[in-house]
Amino acid sequence: MEIIVVNHGSRRGDFNKLMEEWAAELSRRLGVKAVVGYNEYAEPNWRDLLKRAEGPVIIALAFLGAGNHVVRDILGELGVEMGKWQMSKFGKLVYVTEPLGNSPLVFNALLSRVKRALGNGVESGYISDAEEIEMSSMGYVAAALGLDLNNWKHRIIARAVYASGNLELAKFVYISDDLLGAAREALIAEAPCVVDVKMVAAGMRYPHVYIAVEAPVNNGGTRASAGMSYWLSRLNGACVVIGNAPTALKAALDMWSEGKADIPFAVAAPVGFTNASHVKEELVKSGLPAVVIRGTYGGSGIAVALFNELLRLAYEG
């Protein structure tokens, strides 16, 4: 199995370097060889890579839409359609992914950039009389743990510890490197968020929240799991915040892994001794941008605190 990330190609080295970084990250996350193939203007050409490939090949289209290059130069030369495994004219079994433009995550990125240009999202709106007390507590946590509150990851760790009242919790906070970028694009674009229970929704300082246990479904399994699947199948590019139900997190992770839902990021802090620890480790290994409270620790209050801190950071950037 091999992945060829195919794009138009450019005479500008910076653009080609970006594509090569994408391919390297795909290789790292998926454990599958991934390379970049250009349609023109740069080497290597995707056609040459395909001819040399051994075994089935995924053609990952790094194009916004199905323009002439996609339809004529790629699909036409391959003699295949998008979205299913087929034997190509090159004598290789291939799967061609859809272009990127129909993903709500791409639109969220565009919308957030335009909103910054318009001046929307400059002020966070969270200044209050209680903020001095809050920052004093955060300062105490930072001093006790040796954290730098100018570092966004350290701020998230401090927020989790502050919300729990437990300095030991810092050891169990996992934060992916791409979390803040993904959260900033989604939240400034006002993407919807799906949460597992009412308690999480009640504490979030965000208007676009859908509650899994209140979804109009009853198709077996837990209400949180069924409700999470219900909302994610109907909302474009919804983030996920879990503070109570590991089954809801499992449903979200399965939908994302199977390509049934575009999830920009996840906040995962379900507490429990049965499924919680296992599914949180699945999330850590999945590559989905996330902050996770590992092990049996967690709770709705911590999930809310983590989300609200991400929201602050998003509007500060």
Angle, helix 131-145 long axis vs. longest principal axis of the chain, Cα atoms, 0 to 90°, nearest 10?
70
Note down the relative contact order for segment 168-316 as a percent, whole number, built from C-alpha pairs under 8 angstrom at least six residues apart.
29
Peptide ranges 289-302, 139-152 listed from the most packed, as the mean C-beta count within 10 angstrom indicates:
289-302, 139-152
Straight distance only, please: which aspartates and glutamates reach the Cα of K115 with their own Cα at less than 18 Å, same-chain residues fewer than 8 apart left out?
E123, E185, E190, E316
In nanometres, the difference between 0.36 nm per residue of separation and the alpha-carbon distance of A24 and E43 is 5.2 nm
Accessible surface of the chain, 1.4 Å probe, proportion on carbon and sulfur as whole %
53
Please report the antiparallel percentage of DSSP beta bridges with both residues in segment 168-316, rounded to the nearest 5.
20
Can you tell me the orientation of helix 246-257 relative to the chain, as the angle in degrees between its alpha-carbon axis and the longest Cα principal axis, to the nearest 10?
20
Nearest 10 degrees is fine. How inclined is helix 104-118 to the longest principal axis of the chain, computing both from alpha carbons?
60
Leaving out ligands and nucleic acids, and using a 1.4 Å probe, what accessible area per residue does segment 145-288 come to in Å²?
43
Quote the relative contact order of the chain in percent (integer), defining contacts as alpha-carbon pairs under 8 Å separated by 6+ residues.
14
So K17 and F107, fully extended at 0.36 nm per residue minus their Cα-Cα distance, gain in nm 30.1 nm
About the Cα centre, charge dipole magnitude for segment 168-316 (Lys/Arg +1, Asp/Glu -1 at Cβ), debye:
300
Given charges at beta-carbon only (K, R positive; D, E negative), |dipole| of segment 2-105 in Debye:
140
FRET efficiency for N151 and E281, using Cβ-Cβ distance with R0 set to 22 Å, rounded to 0.05:
0.30
Using a 1.4 angstrom probe on the protein heavy atoms only, could you order E54, E20 from most to least accessible area?
E54, E20
Mind checking which lysines have their Cα closer than 17 Å to the Cα of K153? Skip sequence neighbours fewer than 8 apart in that chain.
K171
Calculate the dipole size of the chain relative to its Cα centre from +1 charges on Lys and Arg beta carbons and -1 charges on Asp and Glu beta carbons; express the result in debye to the nearest 20.
520
Take every DSSP beta bridge whose two residues both sit in the chain, then give the antiparallel share in percent to the nearest 5.
15
Can you grab the distance from the C-alpha centre of segment 1-79 to the C-alpha centre of segment 188-248, Å, no decimals?
35
In straight Cα distance, which lysines are under 22 Å from K51, not counting same-chain residues fewer than 8 positions off?
K33, K84, K89, K92
Test of understanding: what is the full-extension gain from N166 to S257, defined as 0.36 nm times their sequence separation minus their Cα-Cα distance?
29.5 nm
Would you check the accessible area of C239, probe 1.4 Å, heavy atoms only, in square angstrom rounded to 10?
0
Determine how large the accessible area of H208 is when every protein chain is in place; take a 1.4 Å probe and give Å² rounded to the nearest 10.
60
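The values are calculated or read from the model by the stated rules, or taken from the named source; none is laboratory data. The shown structure was predicted, so the numbers you read here are calculated from the model rather than taken from an experiment. Backbone-built Cβ (ideal geometry, glycine too); neighbour counts: all protein chains shown. For accessibility, only protein heavy atoms count, side chains too; no ligands or nucleic acids. Shrake-Rupley method; radii C 1.70, N 1.55, O 1.52, S 1.80 Å.
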